[in-house]
Each structure stands twice: as C-alpha cells, then as structure tokens.
Amino acid sequence: MRIFDPHIHMTSRTTDDYEAMYAAGVRAVTEPAFWLGQPRSSAASFYDYFDGLLGWERFRAAQFGIRHHCTIALNPKEANDPRCTEVLDVLPRYLAKDGVVAVGEVGFDSMTDAEEKAFVRQLELAGEHDLPVLVHTPHRDKVEGTRRTLELVAASGLPPERVLVDHLNEVTVDLVAESGCWLGFSIYPDTKMDEQRMVRLLADHGLDRMIVNSAADWGRSDPLKTAKTGQAMRDAGFGEDDVDRVLWRNPVAFYGQSGRLLLDPIDVDQTETFEGNSVLRGQRPA
Amino acid sequence: MTSLDDLLDSEGRARLAELTGEVTSTPARIGVLLPAVARAVGRGPADPDDPDGMVTPRIEDQARVALLRAAAQGWNTDALVAEIGALYRHGDADEKRAVLRALDHLDVGDAALDLVGDALRGNDTRLIAAALGPYAAEHLDPHSWRHGVLKCLFTGVPLAAVAGIAERSGIAERGDAELARMVDGFAAERRAAGRDVPADATWLLDRLTAQRPDVDGATVPDQQRVRYDQED
C-alpha cells in the first residue's frame, strides 16, 4: 500500500510518527499552513512558519524517506486578526516557491466578513499563480459554511477541479460532489470522520475525486488513519487498485495540477544536514 | 568559467530571456520570479566537481543573479536595498544564496552588509561560501571578515570560496597578524583534541607566517612577528 497523506501537519508531530508512517506505506505528504493552536501576534510569525514548512520540515521528512510538500495561506481563523492580514501582501513571494503545491488552508472558521475577504483574495491568488486550492470547512455551522464556500469558488472563476474542499462528512458530501470540486475527508480518532463511515461513503459515492487524509496535528489525532482507512476498505471488499486510487492516485492527481510534486523515492542519508543541522544531534542514524 | 548561456539548453535560455524581459519592464515581479527560476530556467552544478556551488555558483544561482541584475536597473539604491532585503528575508536557502552572489554586481555600497552578517551567523556552508564573495572582500569590516574566514575553516567551506583571501589577509606582504593568531589557535585546539588540522588552515597559516626579510633586513619567522604585532 503506497500512501500520499494530502493533509497532515507534520511540524506538530514526532520523528516516531515519521517512522511509523513510512512503515505503514506513507511516501509523500502535503502539509497545509494553518494556525498553531494559539494565536500568532504578527505577520513575521507566519513568515518563520512558512520558511519552516519549506525548509526544515521538508528536509526532516526526507530524512525518513517521505516527500514533503506544503500549501501556503493565511488561515481562516487568523484572517480575523488585523495584526496578521499583511501576510496577504507577502503571500505571492511564497506561492512562487518549489514545494508549494496549493494555496491553503483557506475558507471559513466563524463566517466573518474578514474571513470572506481573505478567502476571496486567496482564491484570486490561486488563479494568478496557477495553483490549486485547499479549502477548510468550518467545524461550526458546517453546512452553511460549505454552501457559501462553494458560492465563492464558483464566483472566483476557478475551475472546480482545481479546488479540494476538506473536512467533509455525510451532511456536506452531496453539496461538494455536485459542485465538481474534489472531496476531502479527515479521519480522526473521535470527531469528523472515522474509517467505517468513510468506507460507507466510498461505497455510496464511488471513488471519483475522493481524497482521504489524517489531518493529524497537535491535537488528539492519528497520522496512520490513512493506512487504517486503506485496511478498512480492504475489509469491506475494495480491491488493491481501489485503495491505491483513493490513497495515492487521487491526491497525486489533485496536487499534481501544480506541476510541482516531487514523488521519486528518496535515498535516505540521516547524516545529511539542512542549513548545517541534522536530525541526529550526534546520535547514530536509525 | 563556462558562461551561463552555455550551461543552459535552448529552452532555458529562452525562458531566462523571457523572465529578464519581464523584470526589466516590471522590476517588482522579481519577488515572484526569483523563487521560480530553477523550475523555469534550469538547475544543477555549473562545475561537476563542485556540486554545491561553493566556489562556482550553480546554474540556478547564476540565472537568479542575472535576473536580479536586470531588475536592479529599474530601481534607485533605496528601493534596491529594500527589495534585496525582502528577497533575502523571504527567500529559501537557494534564493538567499543567489542574493548574496548578486551583491557583487549591485550598486548598494555597504547597505547590504546585514545580509552577509546573517549568512555568516548561520551554519549553512553554501550560504557562508556565497557570503564571502567579492562584496564581503570589499565591504566587510576586518573583525567580521576574519571571523568569516575562521568559520570556513570550522565548517569545511574551502578557502577557495573566499574572494580576495590572499589580498585581504596580506599574504604577499606582512600577513594579517590577527588572522594568523586566530588560525593558529584553531589549529592548536584541533591538535589538542587529537583531530586533524584542515589542509586549508595549514595552507593559510603557512602563508601568513612565512619567513620573509624583516624591515631591518634580518629574517625572522613571522610567528615571532605575530607576537610582536599583538603587543602593539
């Protein structure tokens, strides 16, 4: 089983996770820019974070045999903080970089005017930079947030196949399926989605444009949920080709629209350094 | 050195010409075009024996320098200094390296020394090498320059990467006594730790402390001269 986790926040995870992910078949990931669990207080904090996503984290993943890509954006929650919104003016410099495969996560948190303004601007930036878009749907008022999201996407003029609408569930799946956008599902230990519900959705809706991720972050989450969903698919009678399609070919097709995916296998050398630092701290390679 | 034109294929040359035209008419486009250069134009070592471009800048470095030089035509000094600061601040290691390499060709006086200082504080050997080009040889203060040379010895950056090493360290004349003292101390520490002294350190120390006729005609080892100079 080869796995591309299309949404996972690896900066919040440990090297044990990287090892377990590799052992489970994960060979590539996309890490979307999001918030830190507590608010940033300046734009400069975002720049350091973006630099980390493009630099140290990409290097760190490679040391464990995993190709790392990222999406860059001002996230919905912090779009409400005027101290942070100047990030929008600097985003073009980051969207131009190798390793950036989409604009994201954008979308709604509390459905405010500031969120909508940032969302619309970032949809425009995706068009200007010829990048796909990863859209977060809100935890609260999800159906209304998803509906408004799809209206804004349609108004942006972006082709729906360039947009992945994430964190969907049984109540939002039809709305997005009808829009022509890609459908993302985050499989969590307790909330959002679980493997069995996901398998039922795949059985009901088919595999077209369906994408599964762990969305693992600093909260209670599981970076192996992609692999566990693959196993649940097999247990439910799906074949290996179906699993490969959902866990590898679909996310590759979506992010591949950026023209910036790197998927060739990595020749791991843990003694390599990034800006002079290695993952070993003087220990022997794993 | 092979010219950039010869290093690029015809498609790469055409793309670079296109990007150069774009920044010539709209210099601000450099902010989004500089990061995309390797993707658009080409990448790889210019010298196969120097894959990291420590001495001979890599293809993408040279292409980025060409692009930045073209954009610079459209700015006054203040605007240029502001933009190279932003390119460096928001650049990844490859872009930072190109900005440092470009400094030799940009008319910014000593206004970009903070970028050189940033690179020399870090541990990225490719950045350290790029920071010690002709711009640093001309503008960096003696203390920082000596520490830059010492950092090369510590981190394994070949001294061949340090522009003007012979001239600035005064190899042909008296030799920079302070630099000689620092390199001698470095070599002593390595020996005390039972570690090899890098060949570059020995090379430099030999030249900084070579025996030469003294001002009064006597020949003394420069090691002694170093001690005299320290007491000044």
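Every number in this text was worked out from the coordinates using simple rules, so none of it is lab data. This structure is a prediction, so every number in the text was calculated from the model and none was measured. Cβ sites come from the backbone with ideal geometry, for glycine too, and all protein chains shown count toward neighbours.
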Filtered trypsin sites (Lys or Arg not before Pro), the stretch A:1-65: DSSP coil and at most 15 other beta carbons within 10 Å: A:Arg2
Low-density loop cleavage sites - GluC sites (Glu not before Pro) in the stretch B:148-210, where at most 15 other Cβ are within 10 Å (DSSP): B:Glu173
Longest site-free stretch - chain A; sites: GluC sites (Glu not before Pro), DSSP loop, at most 14 other Cβ within 10 Å: A:171-271
Helix axis angle, B:10-25 relative to chain B longest principal axis, alpha carbon, degrees: 80 degrees
Three principal axis lengths of the protein assembly as shown [C-alpha, angstrom, descending]: 97, 53, 46
About the Cα centre, charge dipole magnitude for the stretch B:24-68 (Lys/Arg +1, Asp/Glu -1 at Cβ), debye: 380 debye
Paramagnetic reach from B:Arg29 in the stretch B:76-105 [backbone N under 19 Å; point 7 Å along Cα→Cβ]: B:76, B:80, B:83-84, B:87
Within-14-Å neighbourhood charge of B:Leu8 [Cβ basis; K, R +1; D, E -1]: -1
Candidates per trypsin sites (Lys or Arg not before Pro) in the stretch A:114-159, loop by DSSP, up to 14 other Cβ within 10 Å: A:Arg140
Charge dipole magnitude, Cβ of K and R +1, D and E -1 - chain B, Cα centre, debye nearest 20: 480 debye
Equivalent ellipsoid dimensions for the stretch A:1-146 as semi-axes, Å, which come from the Cα gyration tensor, largest first: 26, 16, 15
Student exercise, the stretch B:4-141 dipole from Lys, Arg, Asp, Glu Cβ charges, in Debye to nearest 20: 360 debye
Proximal lysine pairs, the protein assembly as shown, alpha carbons under 18 Å, eight or more residues apart or interchain: 6
10 Å Cβ neighbours from other chains, averaged over peptide B:24-33: 2
